[in-house]
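A.B. asks: Have a look at this one before I ask anything.
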Amino acid sequence: MSTPVENILVTGAAGQLGTELTVALQQMYGKNHVIASDVRIPREERQEVLGIFEKLDVLNPQSLGEILDKYHITQVYHLAAMLSATGEKHPKHAWQLNMQGLINVLEAAVEKNLHKIYWPSSIAVFGPTTPKENTPQFCSMEPTTVYGISKLAGEGWCQYYFRKHGVDVRSLRYPGLIGYKSMPGGGTTDYAVDIYHKALFNGVYECFLEADTYLPMMYMEDAIKATLDIMHADSDAISVRTSYNLSGMSFSPAEIAKAIQAHIPHFQMHYKPDFRQAIADSWPRSIDDSQARKDWQWQPDYDLARMTAVMLENVKIGVEQGLIV
Ligand code: SER
């Protein structure tokens with residue numbers, strides 16, 4: 001029996017995760033089977049990386065339906081969302097985009113009988129009443145940001161559509177994601193990408209979080225691996241239909257600065273906390289992801305030292321050769 005052809009739509013494909021995930025999906029399914037989409041038309045360099053591209057506002061269900069039909073889409077990786085820091089500046093739009101966008105995709109999954117949906121959740125679903133260390137899969141969740149509230153509600157919607165309509169939707173609670181191929185935008189964990197750029201090209205970084213603010217983080221390659229692993233696991237193995245805790249590493253700004261100084265001894269860090277400090281303080285310091293390890297054999301490959309070596313080498317090459325899109 002031959003495996004059915006999968007045609008994949010990625011929403012929010014021009015974002016930090018979308019750019020890298022689209023490429024990984026192209027490698028797996030072939031360039032002609034992966035359709036990148038975003039509300040903004042990306043720069044030419046990025047469009048080249050993304051391959052087949054459609055401008056799509058996920059808040060418009062009709063356009064979404066047309067693209068699903070046009071390319072005979074069978075799976076959607078629905079990444080389009082507004083992150084934590086930007087969400088606090090535009091709370092109503094963040095809610096609308098993050099919630100209605102997801103519901104439009106879930107509704108389309110029912111209507112078009114899509115095989116699978118991927119939707120990212122976040123450590124932002126946790127809040128001040130959550131245990132901070134080794135945060136369990138199931139615990140008190142009282143998020144303080146609009147982003148976190150929307151992700152927690154979204155987890156509920158995913159489980160609802162799975163139970164009520166049999167939509168095979170899978171999800172991960174990403175920590176802060178760190179990669180060199182594309183830049184993040186609007187998140188509280190973004191400092192951990194920016195710092196490598198500033199360390200290499202300015203020798204100094206002003207951090208918007210305090211020195212001892214520990215947050216869960218993950219190298220992009222691990223995040224892509226986790227995403228593809230959960231999407232390729234047997235449906236029966238997925239015991240969590242809200243979203244899985246996922247852990248790579250945890251570090252503070254002081255610790256990442258030290259890891260960078262092992263390569264760039266003159267690197268200096270200054271601290272000037274802003275409104276993002278309160279967001280970071282409401283999130284866990286480390287995550288227990290034993291359920292993901294048990295259900296679909298999740299295991300990360302990168303720690304802070306290994307990631308730092310790879311980031312410094314590749315950010316330098318990437319910026320010099322104009323490869324960072
Ligand atoms: N990286 C995200 C943010 O900082 C968390 O999911 O908003």
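A.B. asks: Among (1) in contact (Cβ under 8 Å) with a residue 24 or more places away in the chain; (2) within 15 Å of the ligand (Cβ to nearest atom); (3) outside any loop (DSSP other than H, G, I, E, B), where does residue 221 come up short?
C.D. replies: It is condition (2) that residue 221 fails.
A.B. asks: Answer yes if at least one residue in segment 158-169 is charged (D, E, K, R), over 18 Å from the mean Cα position of the chain (by Cα) and part of a loop (DSSP other than H, G, I, E, B), and no otherwise.
C.D. replies: yes
A.B. asks: Out of everything in segment 98-140 that is more than 21 Å from residue 175 (Cα to Cα), touching a strand residue (DSSP E or B) at 6+ places or on another chain (Cβ under 9 Å) and not in a helix (DSSP H, G or I), what residue ends up being farthest from the ligand (Cβ to nearest atom)?
C.D. replies: 115
A.B. asks: Okay, next question. Given the criterion acidic (Asp, Glu), touching a helix residue (DSSP H, G or I) at 6+ places or on another chain (Cβ under 7 Å) and within 14 Å of the ligand (Cβ to nearest atom), identify the matching residue among 210, 155.
C.D. replies: Exactly one residue qualifies, and that residue is 155.
A.B. asks: In the set 260, 238, 264, which member is in contact (Cβ under 8 Å) with a residue 60 or more places away in the chain and within 15 Å of residue 118 (Cα to Cα)?
C.D. replies: Sole residue among the options that is in contact (Cβ under 8 Å) with a residue 60 or more places away in the chain and within 15 Å of residue 118 (Cα to Cα): 238.
A.B. asks: Only residues that are in a strand (DSSP E or B) and under 15 Å from the mean Cα position of the chain (by Cα): list them for segment 8-19, please.
C.D. replies: Residues satisfying the conditions are 10, 11.
A.B. asks: Need the failing condition index for residue 169 against (1) buried (at least 23 other Cβ atoms within 10 Å of the Cβ); (2) farther than 19 Å from residue 135 by Cα; (3) within 16 Å of the ligand (Cβ to nearest atom), just the number.
C.D. replies: (3)
A.B. asks: Still on this model: If you go through segment 305-325 one residue at a time, do you hit one that is within 16 Å of the ligand (Cβ to nearest atom), surrounded by 15 or more Cβ atoms within 10 Å (Cβ to Cβ), among the small types (Gly, Ala, Ser) and part of a helix (DSSP H, G or I)?
C.D. replies: No, segment 305-325 contains no residue that is within 16 Å of the ligand (Cβ to nearest atom), surrounded by 15 or more Cβ atoms within 10 Å (Cβ to Cβ), among the small types (Gly, Ala, Ser) and part of a helix (DSSP H, G or I).
A.B. asks: Could you give me the residue pairs with C-beta distances under 9 Å whose first residue belongs to segment 174-186 and is under 15 Å from residue 279 (Cβ atoms) and in a loop (DSSP other than H, G, I, E, B), whose second residue is among the acidic types (Asp, Glu) and more than 7 Å from the ligand (Cβ to nearest atom) wherever it lies, and which are 6+ apart or on separate chains?
C.D. replies: 184/194
A.B. asks: Where in segment 20-97 are there helices (runs of 4 or more DSSP H), lying wholly inside it, with at least 1 residues that are among the β-branched types (Val, Ile, Thr) and farther than 18 Å from residue 121 by Cβ?
C.D. replies: Once the helices (runs of 4 or more DSSP H) in segment 20-97 are filtered for at least 1 residues that are among the β-branched types (Val, Ile, Thr) and farther than 18 Å from residue 121 by Cβ, what remains is 44-50, 61-70.
A.B. asks: Looking at residue 198 and the list (1) within 16 Å of the ligand (Cβ to nearest atom); (2) without any contact (Cβ under 8 Å) to a residue 40 or more places away in the chain, which single condition is not satisfied?
C.D. replies: Answer for residue 198: the failing condition is (1).
A.B. asks: Just to be sure I understand, how many residues within segment 181-193 are away from the ligand (no atom under 12 Å from the Cβ) and of a type outside the set (A, V, I, L, M, F, W, C)?
C.D. replies: 2
A.B. asks: For segment 287-303, give me each residue that is surrounded by fewer than 16 Cβ atoms within 10 Å (Cβ to Cβ), among the polar types (S, T, N, Q) and touching a residue at least 60 places away in the same chain (Cβ under 8 Å).
C.D. replies: Across segment 287-303, the qualifying residues are 290, 297.
A.B. asks: Could you list, in sequence order, the residues of segment 236-276 that are in contact with a Lys or Arg (Cβ under 8 Å, 6 or more places away or on another chain) and either in a helix (DSSP H, G or I) or of a type outside the set (Gly, Ala, Ser) (or both)?
C.D. replies: Residues satisfying the conditions are 238, 241, 244, 245, 246.
A.B. asks: For segment 208-250, what are the residues that are aromatic (Phe, Trp, Tyr) and within 27 Å of residue 167 (Cβ to Cβ)?
C.D. replies: Scanning segment 208-250 gives a single hit, 244.
A.B. asks: When the residues of segment 268-285 are narrowed to those that are buried (at least 18 other Cβ atoms within 10 Å of the Cβ) and not basic (Lys, Arg), which ends up farthest from residue 138 (Cα to Cα)?
C.D. replies: Once the filter is applied, the top-ranked residue is 269.
Read-outs: derived from the displayed coordinates by stated rules, not from any lab. Since the model is a prediction, treat every value here as computed from it, not as a measurement. Don't worry about glycine lacking a Cβ; one is built from the backbone with ideal geometry, like all the others, and counts go over all protein chains shown.
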